[in-house]
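The values are calculated or read from the model by the stated rules, or taken from the named source; none is laboratory data. These numbers come from a predicted model, not from an experiment. Counting neighbours? That spans all protein chains shown, and the Cβs are built from the backbone with ideal geometry, glycine included. Protein only, heavy atoms only, side chains kept; ligands, DNA and RNA dropped before computing areas. Shrake-Rupley method; radii C 1.70, N 1.55, O 1.52, S 1.80 Å.
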Amino acid sequence: MTQSREGGDVQTGRVKRLSDANADASPKVSFDNGGEFIRQTRRDVEEYLSARRVRARGRAQLYAKGVIAFAVLLSSWLMLMVGHPGVWLGLLSFGGLIFGTSLTAFSVMHDANHGAYFRKRRLNHLMGWTADSLLGLSSYAWRVKHNVAHHTYTNVDGYDADITQVPFARLMPVQEPRPWYRLQHYYIWFLYCLMALRWQTIGDVAAFVRGTIGNSALRVPRGWDLAGLVGGKVIFVSWAIVVPLLVYPWWGVVVAYLVYSMVVSLIMAVTFQLAHCVEEADFTSAEQLAAERRLWAVHEVETTVDFCPRNRVLTWSLGGLNFQIEHHLFPRVPHHRYRAMRPIVRAFCRKRGLAYEEASFGRALAMVGRHLGAMTAAYVASRSARAAVLPVG
Ligand SMILES: [Zn+2]
């Protein structure tokens, strides 16, 4: 493994803003590259990864897991479509469909679209196309939304599209309070359930029309990218809606499709929330970053939290995304390496005085609850403060 392979534009901190025409009014956001912290950490991680024993075993594990994910997905779907299952076997197969989809998304699609699954870019794009064909989301748009907007500008208001949910929810202290956010800790879970449905229907198209995701430019795809987008949507609609309509009544397909997409969305959203949307994570704005330059690697550690690092079943099921600090520092390292990289990254964080946050599942969920509550409380506090200075009568 070389530094250029594991260290792409995002990872090395070459993170000049990509957007242009649509973001003229926004302050320019950039981070400082390198720094002793990430240089030393990278050197030790590369030394660990370059050991022959680690290299040989790792790829086999990664691809075997991919085969399992596809097998669960395909066998569950075939059982539902041609197996004429009874109620219990039908429910089990439906659960398998949801599990197989999540496993493919976390353990194959996510790695591939980061360029971590294969050594060749084209093969990664081909495997990343599982986002289009199996999840119904454009992998072309996803690479901008996730790799650029989220991984480069983590928890930066207006730039990280995942944390910028205004006017529906307030996830960062710098965002303007609104009266309805007082109830956000109740309704936000329902909104998260609609996430996949939104991207499968109008989300991709709206982003292409707008030309941006967050503050990052999104160009309309052409050539093979356009063919992949259209072909992926056709395949997704075929297996998820058209073929089921040939077997089941329309209302059953509608209900099953809604439940399927909502549960998959919720699993993905909760995984994101536990890693970034907690009191212990840092949040910032473009204005604050313009006033105080930061090292990109330090920013990533401060805006990210690990959870359940000792739970091997969860680690396997979530594609290592409970090791979010390791993933954010080394997004082009395949996910099955994160657990072994953890002691190296944690030791360097502690040596440099950086808070390496990790929590159990229960504690991480409580941290999310406290954060959503704090954003609500901040609304009440700011309203009280305004009332105190407004003239009465
Ligand atoms: Zn990622």
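Name the helices (runs of 4 or more DSSP H) wholly inside the stretch 74-129 in which the number of residues that are more than 26 Å from THR271 (Cα to Cα) is 2 or more.
Numbers: elements: 87-104, 110-113, 121-128.
Result: 87-104, 121-128.
Within the stretch 220-230, is even one residue under 30 Å from THR376 (Cβ atoms), out of contact with any Phe, Trp or Tyr (no Cβ under 8 Å at 6 or more places or on another chain) and open to solvent by 30 Å² or more (accessible area, probe 1.4 Å)? Explain how you work it out, then say what you get.
So the first thing to find is which residues in the stretch 220-230 are under 30 Å from THR376 (Cβ atoms), and the list is none.
No: the stretch 220-230 contains no residue that is under 30 Å from THR376 (Cβ atoms), out of contact with any Phe, Trp or Tyr (no Cβ under 8 Å at 6 or more places or on another chain) and open to solvent by 30 Å² or more (accessible area, probe 1.4 Å).
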(message) Pairs needed: first member in the stretch 205-228, of a type in the set (Ser, Thr, Tyr); second member anywhere, surrounded by 12 or more Cβ atoms within 10 Å (Cβ to Cβ); C-beta distance under 6 Å; at least 6 residues apart or different chains.
(response) THR212/SER19; THR212/ASN22; THR212/LEU218; SER216/LEU18; SER216/SER19; SER216/VAL144; SER216/VAL148; SER216/ALA149
(request) Please go through the stretch 116-129 and pick out each residue that is open to solvent by less than 10 Å² (accessible area, probe 1.4 Å) and either away from the ligand (no atom under 16 Å from the Cβ) or under 16 Å from the mean Cα position of the chain (by Cα) (or both). (result) ALA116, GLY128
(request) Only one of these is open to solvent by 10 Å² or more (accessible area, probe 1.4 Å), among the β-branched types (Val, Ile, Thr), at pLDDT below 95 and in a helix (DSSP H, G or I): VAL148, VAL166, VAL174. Name it. (result) VAL148
(message) So, in the stretch 210-265, how many residues would count as being within 24 Å of the chain's Cα centre (by Cα), farther than 24 Å from PHE106 by Cβ and not in a helix (DSSP H, G or I)?
(response) 7
(message) Show me the helices (runs of 4 or more DSSP H) entirely contained within the stretch 280-324 in which 3 or more residues are open to solvent by 10 Å² or more (accessible area, probe 1.4 Å).
(response) 286-291, 312-317
(message) Just to be sure I understand the filter: pairs with C-beta atoms under 6 Å, separated by 6 or more residues or on different chains, first member in the stretch 302-329 and closer than 25 Å to PHE37 by Cβ and within 14 Å of the ligand (Cβ to nearest atom), second member open to solvent by less than 10 Å² (accessible area, probe 1.4 Å) and among the charged types (D, E, K, R). Which pairs pass?
(response) PHE323/ASP306; GLN324/ASP306; ILE325/ASP306; HIS328/GLU300; LEU329/GLU300
(message) So, ILE202, is that one in contact with a Ser or Thr (Cβ under 6 Å, 6 or more places away or on another chain) and either in a helix (DSSP H, G or I) or closer than 24 Å to LEU318 by Cβ (or both) or not?
(response) no
